Amino acid sequence: MTLQEYITKEYPTPAVGYLAEVLGIAKREDTENMEKADLIRQEAETLLTPDMMARRLSVLTDKQMELFERACREPLTLEPDEQEDGRKLNDCRYAFLVNTDADAPIPPNASLSEEQETMLETLKAFRRFTGNRLEVPDDAVSLYETVNTPEFQARRRIVSRLVACLYGSAYLYGSTPVSVIRRILERELGEDISEEKILSLYDSLPSDSKYSSYDAATGRINYRHLSEEELAELIQKQEGKDFYIPSLAEINEMYEQGFSSDSQAYAHYRSFLEHYCQIDAIEAEIAAAELSKKISEENAPQECVQEMIDWSGADSSCAQLLLRMYRNCYNETRLPALCGHTPPEIGTTLSDSPYQKFDLEFDDSVKPVRIGRNDPCPCGSGKKYKKCCMR
């Protein structure tokens, strides 16, 4: 099948409108008055130009590029650990996730009732995000054969790492000097790279790969979720501090899960939720990520601890334990206001003193979590409760 045929078959109407805006064909609100078939034709023609393909495929990681090239040779059934990369490839618009397990067939496009149209759009949206087979259109395969040059792969090596750096530094710093981006990339690439080249590559990125804007006046890349007031306050807090420079693997990990895998405090919190509160492992992971997000955004300790109470369903017998867990998580969180450092790394820690003033709202209707003095501590440390969080 051709790229145009794949878009027609797999994309619901909202996705077609969004793609038109991403490609600079038309604003999304204007696409409502455009003929859908004509719009899809324009999108396919725009995507099937060498420059556009090179720009959009340049953001792919090495693993994603390998999957794409395998799918170019033949349709590829994805393993569970390849699903996330498959979704990233689906977003590049040259590969499509097809759901081979779906029972309901796609109905023909002609003579559909309004109800059938709605069902069709819903089915297309579902298949786009739940497919288990990766397919590349024939014309996209042919074009890639001309785009795939040593120069393209050399550029992709840098661009894909720049994109990962931008995503991760949004979490780690909130606002990032280009000089810091350069230091991270040089550490990863093992070679010098100028700030001018970084900005040139940044300007060439597809709009749906940025989520940020460059401010020439400050030499910083700022992230869209920050208001002007929040940005000014953050930059003021960062002034005069050295930036923590992570590896790209570390920055990716912090972006994907919100905290570093070597954080014992977050591991203990997840263990407590799973083994003592009987919360599903995925839900525990989400709870830990949410706590990390609240701490990094400088939410009040009271608010953070209250959320821990809500997640765990604990009663007042767990007050001391949850407060200690919060303190430990805070002290292991890399904070944007500290330029990506943890509090102990710059000589400040959160002591126990603020906790004494908390007015916590525990739900005493919940069955208490009873922990014996000699039981393993629910924080997951492996020590006895009396030797760990009971202290």
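The values are calculated or read from the model by the stated rules, or taken from the named source; none is laboratory data. It should be emphasised that the depicted structure is a prediction, and the values quoted were computed from it without experimental measurement. All Cβ positions, even for glycine, are placed from backbone atoms using ideal geometry, and neighbour counts span all protein chains on display. The accessibility values were calculated without ligands, DNA or RNA, using every heavy atom of the protein model including side chains. Shrake-Rupley method; radii C 1.70, N 1.55, O 1.52, S 1.80 Å.
Of all residues in region 19-34, count the ones that are exposed (fewer than 15 other Cβ atoms within 10 Å of the Cβ), more than 14 Å from Ala44 (Cα to Cα) and of a type outside the set (D, E, K, R).
As a first pass, look at region 19-34 and keep what is exposed (fewer than 15 other Cβ atoms within 10 Å of the Cβ): 24, 27-30, 32-33.
Right, trim to more than 14 Å from Ala44 (Cα to Cα) and you get 27-30, 32-33.
From the residues that got through so far, the ones that are of a type outside the set (D, E, K, R) too are 33.
Residues meeting the conditions: 1.
Residues of region 263-288 being open to solvent by less than 30 Å² (accessible area, probe 1.4 Å) and within 16 Å of the chain's Cα centre (by Cα), which ones? Scanning region 263-288 gives Ala287, Ala288. Of the residues making up region 208-239, those that are closer than 13 Å to Leu166 by Cα and either modelled with pLDDT under 90 or surrounded by 14 or more Cβ atoms within 10 Å (Cβ to Cβ) (or both) are Asp208, Ser209, Lys210, Tyr211, Ser212, Tyr214, Arg220, Ile221, Asn222, Tyr223, Arg224.
Name the one entry in Ile279, Ile286, Ile245 that is out of contact with any Ser or Thr (no Cβ under 9 Å at 6 or more places or on another chain) and assigned to a loop (DSSP other than H, G, I, E, B).
Residue meeting the stated conditions: Ile245.
Reported count of residues in region 240-257, each being of a type in the set (Asp, Glu) and open to solvent by 80 Å² or more (accessible area, probe 1.4 Å), is 2. Note on region 1-91: enclosed helices (runs of 4 or more DSSP H) holding 3 or more residues that are over 23 Å from Thr146 (Cα atoms) and under 23 Å from the mean Cα position of the chain (by Cα) are 13-22.
Taking the criterion of being open to solvent by less than 10 Å² (accessible area, probe 1.4 Å), touching a Cys at 6+ places or on another chain (Cβ under 7 Å) and more than 19 Å from Leu234 (Cα to Cα), the only residue of region 289-313 that qualifies is Leu291. When you look at Ile235, is it over 30 Å from Ala287 (Cβ atoms), among the β-branched types (Val, Ile, Thr) and outside any loop (DSSP other than H, G, I, E, B), yes or no? Criteria met by Ile235.
Is there a residue in region 127-134 that is at pLDDT below 90, of a type in the set (Phe, Trp, Tyr) and buried (at least 19 other Cβ atoms within 10 Å of the Cβ)? The answer is no; no qualifying residue exists. Contact map, region 175-186: residues that are more than 20 Å from Lys237 (Cβ to Cβ) paired with residues that are buried (at least 23 other Cβ atoms within 10 Å of the Cβ) and modelled with pLDDT under 95, Cβ distance under 6 Å, separation 6+ or inter-chain. Pairs shown: Ile184/Cys165. Residue check: is Ser260 open to solvent by less than 40 Å² (accessible area, probe 1.4 Å), assigned to a helix (DSSP H, G or I) and either in contact with a Lys or Arg (Cβ under 6 Å, 6 or more places away or on another chain) or polar (S, T, N, Q) (or both)? So Ser260 does not fit the description; no.
If you check Tyr330, Tyr326 for being at pLDDT 85 or above and in contact with a Cys (Cβ under 7 Å, 6 or more places away or on another chain), only one passes: Tyr326.
For region 328-343, state whether one or more residues are in contact with a Pro (Cβ under 9 Å, 6 or more places away or on another chain), in a loop (DSSP other than H, G, I, E, B), surrounded by 15 or more Cβ atoms within 10 Å (Cβ to Cβ) and of a type in the set (Val, Ile, Thr). Yes, region 328-343 contains a residue that is in contact with a Pro (Cβ under 9 Å, 6 or more places away or on another chain), in a loop (DSSP other than H, G, I, E, B), surrounded by 15 or more Cβ atoms within 10 Å (Cβ to Cβ) and of a type in the set (Val, Ile, Thr).
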